[in-house]
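Before any comments, here is the structure.
None of the figures in this text is laboratory data; all of them are computed from the coordinates on show. The model shown is predicted, which means the values in this text are computed figures rather than measured ones. Using ideal geometry, Cβ is built from the backbone for each residue, glycine included, and neighbour counts are taken over all protein chains shown.
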Amino acid sequence: MSAADEARVLAAVPTGLHVDGEWAPAASGRTFDVHDPSTGDVIATVADADASDGLRALDAAVAAQAAWAAVPPRTRSDILRRAFDLLRERADDLALLMTLEMGKPLAESRGEVAYGSEFVRWASEEAVRVSGRYGTNPEGTGRTVVLKRPVGPCLLITPWNFPLAMATRKIAPALAAGCTVVVKPADLTPLTTLALVGILAEAGVPHGVVNVVTTTSAGDVCEPLIRDPRLRKLSFTGSTPVGSTLLAQASERVLRTSMELGGNAPFLVFDDADLDAAVEGALLAKFRNVGQACTAANRFLVHEDVADDFVRRVTERVAAMTLGRGTDDGVDVGPLIDDRAVDKAERLVDDAVARGAVVRTGGARVDGTGTFYEATVLDGVRPGSELLTTEIFGPVLAVSTFADEEEAVRKANDTEFGLVAYAFTRDLARGQRLAETLETGMLGLNVGVVSNASAPFGGVKASGLGREGGLEGIQEYLETVYLMTPDPFAA
Ligand code: NAP
């Protein structure tokens, strides 16, 4: 991709708020800058909404709700399908835009566009399959009818790490179900969401159905909406502390919520594992998105008989990784999102080393332009190291060992989180046992990536509430209503 491509893609992105089908500046006229994390350069300036803009967006979503719910499912499906086709057509430009604002290597951004688009296709297919049921009550005295209807206007709050997929995973099922939405992307990466919303409008989404507010005052803009009785649903993806704050706000009027929160994924390698597959899986589970994924393997727990071999093999591969700007050819490891992320990786690695871990490769921040941390392998991580209980969110592969399955499961479950776990073993019965004993919403058995639009994504414990994707995803945006009628044959 050339500098001209970068300029063209950036020039095409809308930079206003999107309210009731119009692109407009913030009421205050305020704006904020978006940076390229690999250079620190300002790449765009977008509208900075305040609470009044947020409420206008909710007004628009409320006004559009009844008409959108009445649009035939097939028409909603066709609009989403058109959006999917446009996303595929524009995949290269969207991927470049994402790399510019977020930093991940271009190949990974292309992967995210493909993955994120699939939620739109999946929702277009689900839109026409929402159904209820009709039955006779056990007493035979009446008929029960169960029907589904859209929950109503939704607030969708998304993080910076997957700026397209986290947005499509919420917007597409909401629209398929007949809900209108206000979307609040992260201030670090608003551009991909703005481009997506432009595509949805082009695909035929009516005015007011999808509204977007970009802001540097997330709390000030979102809290009045969460407390507004017209809002019927909050779907949030982000950190557990912010999710917990939002749940407290939502509890006041028992607002329906979905929460996709933080993780601390264990990656188990048993002594009977195919080590080649385990190494490939480890690299995917750790270095995808430069380690900045809720699904990133955070704790590598390896059987003591194969640990040396595993560490030697992953170290060879990680030491050969190329670090650089995500737009450049051959880059495996892009920048972290900001200075705070680099500081955190540095702090966690230094703490683990001070407690006895050994650095096999990497282990330091990269001085100079951009926010880079070296791809790192740590061996012999000791109990008590902070990275065992904290999401690293960086390119640090940290290994400790276990002696048997019981210890592996106990260590894997020793966390407040329960989003995803990975396990490599050739023993099918063990794989099945792990599915029943690991406290997790998702398990990758002999694979390093679990995300798929057709599967219910989500966690247990402090990793969240609800599921996105799969048959379950659309249910988050539907209410179940039940109707009782008399027996039609009764005299
Ligand atoms: P974050 O700080 O919690 O922010 C997430 C979103 O919430 C952003 O849009 C943010 O806006 C907004 N926000 C922050 N404070 C808010 C408030 N008081 N009221 C309303 N909105 C508020 O998380 P992040 O750093 O962006 O994302 C990383 C985290 O997300 C990690 O913990 C990761 O595991 C988790 N994650 C989970 C999943 C999943 O599916 N389970 C997927 C991806 C990421 P601003 O950024 O503009 O402040």
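Simple point charges give the picture: +1 on the Cβ of Lys and Arg, -1 on the Cβ of Asp and Glu, and for the chain a dipole about the Cα centre of about 1660 debye. Packing around the peptides 44-55, 103-114, taken as the average count of other Cβ atoms within 10 Å per residue, puts them in this order, highest first: 103-114, 44-55. Summing Cβ point charges (Lys, Arg +1; Asp, Glu -1) relative to the Cα centre of the stretch 160-233 gives a dipole of roughly 300 debye. Of the beta bridges in the chain, as assigned by DSSP with both residues counted there, near 45 percent are antiparallel. With a Förster radius of 41 Å applied to the beta-carbon distance between Thr437 and Leu284, the computed FRET efficiency rounds to 0.95. Each of Thr322, Val306, Leu231 was placed along the dipole of the chain (beta-carbon charges, centred on the mean Cα), and the one lying farthest toward the positive end is Leu231. Sparse packing (at most 14 other Cβ atoms within 10 Å of the Cβ) combined with a DSSP loop state is found for the following GluC sites (Glu not before Pro) in the stretch 392-426: Glu416.
Ordered by the count of other Cβ atoms within 10 Å of each Cβ, fewest first, Thr189, Thr240 give Thr240, Thr189. Going by neighbour counts of Cβ atoms within 10 Å, the residues Lys184, Lys170, Lys148 line up, fewest first, as Lys148, Lys184, Lys170.
Around the Cα centre of the stretch 265-453, unit charges on the Cβ atoms of Lys, Arg, Asp and Glu (plus for the first two, minus for the last two) sum to a dipole of about 320 debye.
Legend: P(r) of the chain from all alpha carbon pair distances, 10 Å bins from 0, whole percents, reading 4, 20, 28, 25, 15, 6, 2, 0, 0. Can you tally the net charge around Glu108? Count Lys and Arg as +1, Asp and Glu as -1, for every other residue whose Cβ sits under 15 Å from the Cβ of Glu108. Local charge sum for Glu108: -1. A Förster radius of 41 Å, combined with the Cβ-Cβ distance separating Leu465 from Asp309, puts the computed FRET efficiency at roughly 0.55. Given their separation in residues at 0.36 nm each and the Cα-Cα distance between them, Val71 and Thr45 gain 5.8 nm when the chain is fully extended. Sequence-distant contacts, meaning Cα pairs under 8 Å at least 6 residues apart, place the relative contact order of the stretch 224-308 at 29 percent. In a shell of Cβ-Cβ distance under 12 Å around Gly262, excluding Gly262 itself, what net charge do Lys and Arg (+1) and Asp and Glu (-1) give? Result for the neighbourhood of Gly262: -2.
Semi-axes of the equivalent ellipsoid of the stretch 265-453 are 26, 17, 16 Å, computed as sqrt(5λ) over the eigenvalues of the C-alpha gyration tensor in descending order.
Normalised by the number of residues in the stretch 265-453, the average gap of Cα pairs under 8 Å and 6 or more apart makes the relative contact order 29 percent.
Using a cut-off of under 14 Å, list every residue of the stretch 253-269 whose amide N is near the label point 7 Å from the Cα of Glu416 along the Cα-to-beta-carbon line. Residues 261-264 qualify, since their backbone N sits under 14 Å from the label point. Relative contact order for the chain: 18 percent, from Cα pairs under 8 Å spaced at least 6 residues apart, divided by residue count.
For the stretch 279-367, the alpha carbon convex hull comes to 113 Å³ per residue, rounded to a whole number.
Computed from Cα atoms alone, the Kirkwood hydrodynamic radius reported for the stretch 3-49 is 11.8 Å. Net charge of the neighbourhood of Arg340, taken over other residues with C-beta under 15 Å away and scored Lys/Arg +1, Asp/Glu -1, is -3. The order of the peptides 121-127, 287-293, 466-472 by mean Cβ neighbours within 10 Å, most packed first, is 287-293, 121-127, 466-472.
As a rough guide to protection, the peptides 440-452, 16-28 ranked by mean Cβ packing within 10 Å, highest first, stand as 440-452, 16-28. Computed from the C-beta positions of Arg30 and Thr245, the FRET efficiency with R₀ = 22 Å rounds to 0.35.
The fewest-to-most ranking of Met102, Met321 by surrounding Cβ atoms within 10 Å reads Met321, Met102.
Taken over the stretch 1-157, the percentage of Cα pairs per 5 Å bin, counting from 0 up to the bin with the maximum distance, is 2, 8, 11, 13, 15, 16, 14, 8, 5, 3, 2, 2, 1, 1, 0. Here the 3J(HN,Hα) profile of the stretch 191-204, calculated from phi with Karplus coefficients 6.51, -1.76 and 1.60 at θ = phi - 60°, is 5, 4, 5, 5, 5, 4, 5, x, 5, 4, 5, 4, 6, x Hz, Gly and Pro shown as x.
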